[in-house]
Amino acid sequence: MRRKPRFIPSQRLLHLVCEEGQERDFLRPERFRMRRMLDRGEQTDEAEQKLQEKWQGAWEEVPDRSSFLMDPPRRHLCITIGAGVGKTKSSQQTQYLRAQSQAGELAVLLDISQLPKASRSYLDCDQAEDALIVQAILDTASGSDGGENAAAGSNMQGCSPDSIRRLVRRKIRNRKFSLIVDGFDQIDMDDDREARNIISALQRFLHAYPTIRCVADGRPWSIQHFWKELFGHPQQQQKWCFAQVDEFTEEEVKQYLGSKRAEALELLEAELMAVPRFVERLRTIAPARLHELRTGAEVYWESLFQMLEDGCDRQAAEVTVDDLIPIMALVAFQMTVESKSVRVRRGKEYEQFRDNAIKRGAKVLRIDDLSRREQVKEFQALYEQVLSLNVGFDHLLLDNHKAEEVHWQDRTLQAFMAAVWITRFAGEDEVQWLSENLHIRADDSTAPVYETWRFACEMPSDERLFPDSLAHVFDPETY
């Protein structure tokens, strides 16, 4: 089982309190980014300052985090903030609190990638064993879900699908069922219409069962993107409340890292020190190196590639970091090009993705002079080496076991590896794609590429090998 990041129970939650119908205005991604800019001392004009003061004034600190997650002011709760701050951890805490602290409550946690296209697939399939919620509980009872729904399935080992479905329906009638959906920002955006249909199906399911309590989490851009399909849908009006997870305070960073490590980070950008996902990475780096780090890309580079080198040294097969970096970076960048966030599913989707990746990266992987069949064989062999190494890391890189799908542990890791491809291996095709997919601060539709651009800007100087024609685009101060 993979290691899980340390949980800091004091991490603040902020609850949105505004006039009815104005919630969406306070969930715009640029407001969250502006807050971070002002927090690190950047200046803005007076009009912008007033807008930001109004925005921040609408977010009120929750006095008791646990009580709020167990019993929010409205039936449904949406948790949001930028990458790596603690959305998933908050959803997991919500599931645990509701299942353990509220008598008779059944709380099921689903990943966004599990959601069906039809609302009846949640619970109302012809066969009980085909219903998604029943499957999730059965997987927990068998131990095949990695413990994500331990609270939901702890007492259901040996139960039949029909009896589980009857129990779920009884819990729903008694207002004792919570459905928690993690990762709205990680939904597959390759087909936007299909993505919207999946979220619409969730809305229809919640409308069909109005006593269910739902919790959803995702970055602000994803909440905006699916506003009409769910949060702002006419049948969902006045049913959702919104909370943002606050970043770590200086004291919480010290608690997470230890005072000696925290004091060694004198050059690291102050805003990174507040982001739990970066702080988690810092715990893997030798204290002697910490005082030299400045950017998020340096944090990831230092933590990941030392780990990879150590892992390669322990492998029986002769494999080096230089063998593995290209295949990992290629997979991450090809997913970015295809708007696939975190996951590529097995079957035809993976096969098509693999073929596209080979076409893009055959020269870098040094398989361009092979037949198509041999290229697939060599690609799979390289990918299997990555997965073999990943097992030794308790699946810290990827969540899948077999080389027939892709499932990154988190979106930030995928974005970093995509930036490695850009800065180390970019060719004419990448230059063309990048020129058509800039991140523009005022354009919410470009938010999915924000992290990749930022990592590319921040890459350590000896790794910034992108062509000179791209150099003027990579301006860290812009991001």
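The values are calculated or read from the model by the stated rules, or taken from the named source; none is laboratory data. Given the structure is predicted, the values throughout are model-derived calculations rather than measurements. Cβ atoms come from the backbone with ideal geometry, glycine included; neighbour counts cover every protein chain shown. Ligands, DNA and RNA are stripped out before the accessible areas are found, and what is left, the full protein with its side chains, is counted by its heavy atoms. Shrake-Rupley method; radii C 1.70, N 1.55, O 1.52, S 1.80 Å.
Along the stretch 379-390 the Karplus relation, 6.51 cos²θ - 1.76 cosθ + 1.60 evaluated at θ = phi - 60°, assigns HN-Hα couplings of 4, 4, 5, 5, 5, 5, 5, 4, 5, 5, 5, 4 Hz to successive residues, with x for each Gly and Pro.
With the simple model of a label 7 Å out from the Cα in the direction of the Cβ, VAL17 to GLU53 spans 1.9 nm.
With R₀ fixed at 51 Å, the C-beta to C-beta distance from GLN102 to ASP310 puts the FRET efficiency at about 0.70. Couplings 3J(HN,Hα) for the stretch 84-95, derived from phi with the Karplus relation 6.51 cos²θ - 1.76 cosθ + 1.60 (θ = phi - 60°), are x, 8, x, 5, 4, 4, 5, 5, 5, 5, 4, 4 Hz, where x marks Gly and Pro.
Close amide H partners of ASP399, meaning residues 5 or more places away or on another chain with modelled amide H under 5 Å apart, are HIS407, TRP408, GLN409.
Tell me what the chain gives for mean residue ellipticity at 222 nm when only DSSP H runs of n ≥ 4 count, each as -39,500 (n - 2.57), the sum divided by the residue total, rounded to 500 deg cm²/dmol. Taken over the chain, the calculation gives -14500 deg cm²/dmol. Listed values (i) 25.8; (ii) 24.3; (iii) 23.7 include one computed from this model; for Kirkwood radius over Cα pairs in Å that value carries the label (iii). Looking at the chain, the accessible area is 46 square angstrom per residue; that uses a 1.4 Å probe and ignores ligands, DNA and RNA. For LEU110, the residues 5 or more places off, or on other chains, whose built amide H falls under 5 Å of its own are ILE180, VAL181, ASP182.
For ASP429 and SER259, compute 0.36 nm times the residue count separating them, minus their Cα-Cα distance, and round to one decimal in nm. Could you put the intermediate results ahead of the total?
Values: separation 170, 0.36 × 170 = 61.20 nm, distance 4.63 nm.
Between ASP429 and SER259, full extension yields 56.6 nm more.
Taking the charge dipole of the chain about its Cα centre, with +1 at Lys and Arg Cβ atoms and -1 at Asp and Glu Cβ atoms, the residue from SER163, LEU123, TYR350 reaching farthest to the positive side is SER163. Shown in residue order for the stretch 238-251 are the 3J(HN,Hα) couplings computed by the Karplus curve 6.51 cos²θ - 1.76 cosθ + 1.60 at θ = phi - 60°: 6, 9, 10, 10, 10, 9, 10, 7, 7, 6, 5, 7, 4, 5 Hz (x for Gly and Pro). Cβ-Cβ distance of ARG345 and ASP25, R₀ of 22 Å, FRET efficiency by 1/(1 + (r/R0)^6): the value works out to about 0.05.
Placing dummy labels 7 Å off each Cα toward the beta-carbon, the span from SER160 to ALA381 is 5.1 nm. In this calculation the C-beta distance from GLU404 to ASP71 is compared with R0 = 60 Å, giving a FRET efficiency of 0.90.
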